[in-house]
There are 4 protein chains.
Amino acid sequence: MPDASPTAHNYAFASDNTAGVCPEVLAALAEANRGHVPSYGHDRITHEATDRIRALFETDCEVFFVYNGTAANALSLASICSSYHAILAHADAHVERDECAAPEFFSGGARVVPLPGSLGKLSPDVVDQAASSHHEVHASKPRVLSLTQSTEWGTVYSPAAIAALTATARRHNLAVHLDGARFANAAAALRDRPGATPADLTWRAGVDVLSFGGTKNGAAGTEAIVFFNRSLAAEFAYRRKQSGQLASKMRFLAAQWLGLLRDDAWLRHAAHANAMAARLGRELGAFPALRLLAPVEANAVFVELPPAVAQGLFARGWHFYAMMGEHGYRLMCSWATQPADLDAFLGDLRAVVSAQ
Amino acid sequence: MPDASPTAHNYAFASDNTAGVCPEVLAALAEANRGHVPSYGHDRITHEATDRIRALFETDCEVFFVYNGTAANALSLASICSSYHAILAHADAHVERDECAAPEFFSGGARVVPLPGSLGKLSPDVVDQAASSHHEVHASKPRVLSLTQSTEWGTVYSPAAIAALTATARRHNLAVHLDGARFANAAAALRDRPGATPADLTWRAGVDVLSFGGTKNGAAGTEAIVFFNRSLAAEFAYRRKQSGQLASKMRFLAAQWLGLLRDDAWLRHAAHANAMAARLGRELGAFPALRLLAPVEANAVFVELPPAVAQGLFARGWHFYAMMGEHGYRLMCSWATQPADLDAFLGDLRAVVSAQ
Amino acid sequence: MPDASPTAHNYAFASDNTAGVCPEVLAALAEANRGHVPSYGHDRITHEATDRIRALFETDCEVFFVYNGTAANALSLASICSSYHAILAHADAHVERDECAAPEFFSGGARVVPLPGSLGKLSPDVVDQAASSHHEVHASKPRVLSLTQSTEWGTVYSPAAIAALTATARRHNLAVHLDGARFANAAAALRDRPGATPADLTWRAGVDVLSFGGTKNGAAGTEAIVFFNRSLAAEFAYRRKQSGQLASKMRFLAAQWLGLLRDDAWLRHAAHANAMAARLGRELGAFPALRLLAPVEANAVFVELPPAVAQGLFARGWHFYAMMGEHGYRLMCSWATQPADLDAFLGDLRAVVSAQ
Amino acid sequence: MPDASPTAHNYAFASDNTAGVCPEVLAALAEANRGHVPSYGHDRITHEATDRIRALFETDCEVFFVYNGTAANALSLASICSSYHAILAHADAHVERDECAAPEFFSGGARVVPLPGSLGKLSPDVVDQAASSHHEVHASKPRVLSLTQSTEWGTVYSPAAIAALTATARRHNLAVHLDGARFANAAAALRDRPGATPADLTWRAGVDVLSFGGTKNGAAGTEAIVFFNRSLAAEFAYRRKQSGQLASKMRFLAAQWLGLLRDDAWLRHAAHANAMAARLGRELGAFPALRLLAPVEANAVFVELPPAVAQGLFARGWHFYAMMGEHGYRLMCSWATQPADLDAFLGDLRAVVSAQ
């Protein structure tokens, strides 16, 4: 059993999925555990969670709960792509780098085309060029643009930036998918701006389908596929079933969303994660020997560490991952990150640096 | 929210997945929710749950947790079959009738060949004949026999019956998969017999891979793929990841198994479900107007109801499904079925019958 | 090298693909072999062959040449079906029995649902029933009806029979595919009837897409996928390329069609094959010991042979296949079947029968 | 009909598949067209062609004829790869750039990983690095190295270079596939060197499976998949059938190989194509305004043309393709390229250049 041993926070910054389940989700699971209810989503909890997501996005979208982010992305893309289509995505996107070719598997052969862009972001020019290049039937036909918000680099697209990208996509008859495994962090980052509601960040900006992440936000394991373009959802229920993503006891996926969405827990947790990352970024930036590699806009901090510093932290039991080149590292914060975690990490960092 | 309204037990017999989560699983989930732990299964809870399954089966099997039974079956079969292979299974098997062609999807085209057999059971002769028929390369090549225990008809194979089937499979170079969505109910049904341990029912009887069901036994949603034939598990971790079945917060899948396996909760719950079904079968059998369609060996009761009786029960709010022809119906019991559920159902049944 | 040895015609009745290439096709291949021409179908021969097929069917259909019948069927069906769809077809259809699950492979999981029907034909009632049965998302959703003309039993649907089937399909929102590996034989069988032109037999009767067989009709190897419902052909060129069915030297597929279609060679050859089968059927029917199992309407003869008779013919070197039960055999005629082949076969048959 | 018009050679350099069929192949097709023979490859012509390929490679390899190069490559790779595997190949390889993701389709999701290398060649270092990078189960697992000989840049690997690459592959447990769409041109280029027989260039250098190209060498359309590692061929016959690549009238695929292989026609034609390319390269290199972009080692010439020169040639009706950047163009020679084609092209080139 994991315990409260001195090393308990050594995974605190490794990923936002090393965290457990937030209290609101745990309570909702317990609350959902009453009586016999219809299976496969024909229950009241699922209906209520679906309606809450519709209310959140202020539109009559189609909502499907699935188990994890890889499935959410791959099923979204497979609902758009045939086997001979291409998916345009950032070279660092999860669909390109971290899903063991799940989009290819779920679609039967659609190919991800990796595109460049600084700080994890795509630009309209790059998309325009990729969508314009064609080769008749000899290469996969571009069919969808997949964006990530917040990005793999912890940066955040403005609604205007998304709209510019989706406009480019439309000109090339591409649908637009948004990988929102960390959509909550983006929404929290932008929530004080005008014109940056969840609706503004998605369908009003031209997004057709969203992988709305619950797991990294504080759930045990659930993501919602949200089709703003309802025509893409036709027959999707069959696709979800065939691919092993239809939960028989659906209420327990849906209940997690009730926990997250009630009283805006989802935004509060994301804002907390962002704030922890902001503090971590500020404090790391104050070390003369270190260099931040990206602005801290959501819940990730990218920092260049001298090799001896990284090794020193590893030696003290910290786990975190190299992300770019040899000396770039990613530190993630989550709903569960505590100031004490930061204090412990920064304390060890100071000790390691001063020992150089 | 589902509540304790008068209609709360109306789904009590619709399926064993209308039940919620048993207390042991809920406690294990809460207990697992401590601290930051490695993701993707590199945590202590996952290791412990894996070891408990190995201990239960008394062998060094490979264990992979996935989200649901359709995925467990389809991934097991895809680890055995190429696209041009055939899967021999009973015509009423879940892989044939209830998974929207998931085996075909996960394997890229392997075909399920439905075989006849009374009461949901296959016989060695039928398997022998199906495996013998061939047509050179023009038809899918038989590669695996998929059995179901307990069967879709609520019957139970003896270890000897399984061994006879697997021996036939071996003669034709077929691997053997066991769909154990309700393996617990079979194990509970046989537990007082000598030579009917979980090991006896599986690898000692020649089973290569088991879909070990947790969800219907009392979990929220988790199944274990257990490879007794470890060579079939080579590279399986990639297959699980690519198909969207690798949980980032794996501890919450694994913890459910800790809840089920500690103190034999899994067997106790299954035995309870079986006992409820046995009582239901006995009481239904006492109605002169009704006829049981199968012996009650596990947690399912199959009964022929005159149309007016079925309609009368539906009118009183009961949900249950027709399973064979027009007048056959299935009533399922689970860990959560209460004597009060039976009393309410039987009371309504008496009222409906006497009103005829 | 195959030669004119005494056993040269021993494969004459084994299949209509044991025949070689008809003279018109051979001449067209030689004629096409001039100069450098654009590849991948952008050449004048391909354009001309396409136009001839449009003229033959009196409509502006989309035409794609592929290599063989399995690919023609599977690609046609994959252009209609997603992985979670079902294909309704006769239990003896080539897509069900003889293609090693190619429809499943090309579509990524669509399942063929075999339906009963005497003499290889489906009836509207059977289709209606199959399309009506559903099981929500738990079973593949019926999406297409695949008919075969002439059937695997050498029988021929009238235009009215096809129209009745397609009307049933339309009521269930099913598209209609026609496996016309032997469409020529059906067209030849019906050519003296009013209202039985190629157009009448296909799009005017409600067919969306035809696999138009060239190979069995006298080509070396080419089939045309003819989309009467042009919307199904959108992006089909990509699908053909990705699946390895786009010929770089397309002129040599197209030229075979020029050879077949010029001066109605295709109909003449099919009529010849039908006439040979008719004579064979008549002469077999005159044997008191034999029994025809199906009316001879196209180029196949199904006959019940006493075991000793079949063995006697095999002993004399004849090759032909058992098709139903133990004693039913199929004898196929083709463009290349000669009266001398029939004489030799019938002579041996008489000798075998009289030796009983 | 294509004709002998003044523009007949305008496609002479567009590709080596704009050529027709060489006389030896046409004769073999006609010769094969005798009598009824067993279908699906059980005929004497197929056996003879198979044996000739075994003799050519001096080993008891498994040989399967398929229709085209995309299928040969994709099926070879699918016989090695599961859906979660990666294929290492040059960024300009046909499997990466020109097959519309056929490897992904045939394997159900295996991903091609494009690698850099000058002049179309890979180096052991690059392969070593790509095979070494791993990411646990989150990225496709490298499983096969796919080389191209002669390369897409018209260059030729020496046997030693191939052996060095396959040794690297072996160290990483990668199988080795050789895309030999133009294997004949490589064999012809090296035939005067010691230790460069077809066997030396393939299995003796560590190649497991070869896509042996017939089409570009002078056939109408046929490729041979040659498994030197026979274990990879287990059950391959099913895979070929299911994917629509099993010819019913197989003799006409096999006969093309008899035409090519008898009297070394294949090598003679390839040597002719190489010689034409060599002359074209020499003459282009003599133009001060032009620059060759790669050594001419096989049948391709890569040349940089000033924009006005390229436009001038296009305006005179010549077809050829841009291959790198804006000003690089590819000119292909084939068995059918005639000195008169070169004379015409060079004449037009001189006229265009002098008009600048």
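D:Leu349 sits among other residues whose Cβ lies under 11 Å from its own Cβ, and their net charge, with Lys and Arg +1 and Asp and Glu -1, is -1.
Taking amide H atoms as placed 1.01 Å from N in the peptide plane, the amide H of B:Arg291 lies under 5 Å from those of B:Glu304, each 5 or more residues away in sequence or on another chain. Scaling the Cα radius of gyration of the range D:88-155 by the globular reference 2.2 N^0.38 Å produces a ratio of 1.11. Rg of the Cα atoms in the range A:144-205, relative to 2.2 N^0.38 Å, amounts to 1.05. Across A:Ile87, A:Ile162, A:Ile45, mean-square fluctuation computed from a Gaussian network of chain A (C-alpha pairs under 10 Å connected) peaks at A:Ile45.
In a reduced charge model with +1 at each Lys and Arg Cβ and -1 at each Asp and Glu Cβ, the range A:23-263 shows a dipole moment near 320 debye about its Cα centre. So what's the net charge close to C:Leu178: Lys and Arg +1, Asp and Glu -1, counting the other residues with Cβ under 14 Å from its Cβ? Result for the local shell: -2. Taking the inverse of the mean reciprocal distance over all distinct Cα pairs, the Kirkwood hydrodynamic radius of the range B:1-138 comes to 18.9 Å.
Hey, fewest Cβ within 10 Å first, where do A:His172, A:His135 land in order?
On the way: A:His172 16, A:His135 11.
Ranked by crowding around the Cβ, least crowded first: A:His135, A:His172.
With no solvent and one point per C-alpha, what does the Debye sum give as log10 I(q)/I(0) for the range A:256-322 at q = 0.15, 0.22 Å⁻¹? Results for the range A:256-322 at q = 0.15, 0.22 Å⁻¹ read -0.60, -0.93. Dipole magnitude for the protein assembly as shown: about 0 debye, using +1 per Lys or Arg Cβ and -1 per Asp or Glu Cβ, origin at the Cα centre. Per-residue mean of foreign Cβ neighbours for B:128-140 is 4 (Cβ atoms of other chains, 10 Å radius).
Each other copy places its own label point for A:Asp60 at 3.7, 6.1, 7.1 nm from this one, sorted shortest first, where the point lies 7 Å along the Cα-to-beta carbon line.
Comparing mean-square fluctuations of A:Leu258, A:Leu290, A:Leu267 from a GNM of chain A with C-alpha springs under 10 Å, the top value falls on A:Leu290.
Here the alpha carbons of the range B:212-356 define both size measures, Rg and Dmax, at 19.7, 61 Å.
Equivalent-ellipsoid semi-axes for chain B (Cα gyration tensor, √(5λ), whole Å, largest first): 33, 27, 18.
With one equal scatterer per alpha carbon and no solvent term, the Debye-computed log10 I(q)/I(0) for the range B:188-245 at 0.12, 0.16 1/Å reads -0.39, -0.65.
Starting from a label point 7 Å past Cα on the Cβ side, list the distances from B:Pro116 to the same position in the other copies, nm, shortest first. Copy-to-copy label distances at B:Pro116, shortest first: 1.0, 6.6, 6.7 nm.
Remark: A:Ser248, C:Ser76, A:Ser158 ranked as A:Ser158, A:Ser248, C:Ser76, counting other beta-carbon atoms within 10 Å and listing the fewest first. Short to long, the 5 Å bins of the Cα pair-distance histogram for the range C:297-356 hold 4, 17, 28, 27, 17, 6, 1 percent of all pairs.
Here A:Ser132 yields copy-to-copy label distances, from shortest upward, of 3.9, 5.7, 6.8 nm, the label point defined as 7 Å from Cα along Cα to C-beta.
Among C:Asp179, C:Asp341, D:Asp128, a tally of other beta-carbon atoms within 10 Å of each Cβ gives an order, fewest to most, of D:Asp128, C:Asp341, C:Asp179. Amide H to amide H, with H built 1.01 Å from N, D:Thr148 comes under 5 Å of D:Asp179, counting only residues 5 or more places away or on other chains. Here's how it looks for B:Gly41: its modeled amide H is under 5 Å from those of B:Met250, B:Arg251, which are all 5 or more places away or on a different chain.
How large, in Å, is the protein assembly as shown by the Kirkwood hydrodynamic radius built from its alpha-carbon pairs?
Across the protein assembly as shown, the inverse of the average 1/r is 34.0 Å.
Residue of chain B with the Cβ closest to the rotation axis carrying B onto C, and that distance rounded to whole Å: B:Glu104, 3. Look at the stretch D:90-102: the mean tally of other chain Cβ atoms within 10 Å of its residues' Cβ atoms is 5.
Stokes-Einstein diffusion for the range D:218-270, with the hydrodynamic radius set to the Kirkwood value over Cα pairs and evaluated at 37 °C in a medium of 0.692 mPa s, equals 258 µm²/s. For B:Ala254, the shell of other residues with beta-carbons less than 11 Å away shows a net charge of +1, using +1 for Lys and Arg and -1 for Asp and Glu.
Within the listed set C:Arg44, C:Arg54, C:Arg240, the Gaussian network model of chain C (springs between alpha-carbon atoms below 10 Å) gives the highest mean-square fluctuation for C:Arg44.
Legend: translational diffusion of the range D:114-258 by Stokes-Einstein, Rh = Kirkwood radius over C-alpha pairs, 25 °C, 0.890 mPa s; D = 149 µm²/s. Taken one residue at a time, the phi angles of the range C:101-115 give Karplus couplings (6.51, -1.76, 1.60, θ = phi - 60°) of 6, 4, x, 4, 5, 5, 8, x, x, 4, 9, 7, 9, x, 10 Hz. Gly and Pro are set to x.
Residue by residue, the range B:236-248 carries 3J(HN,Hα) couplings of 4, 4, 5, 4, 4, 4, 4, 8, x, 10, 9, 7, 5 Hz when phi is fed to the Karplus relation 6.51 cos²θ - 1.76 cosθ + 1.60 (θ = phi - 60°); x denotes Gly or Pro.
Just so you know, all these numbers are worked out from the coordinates, no wet-lab data involved. Model, not experiment: these values are computed from the prediction. Positions of Cβ are backbone-derived with ideal geometry, glycine not excepted, and every protein chain shown enters the neighbour counts.
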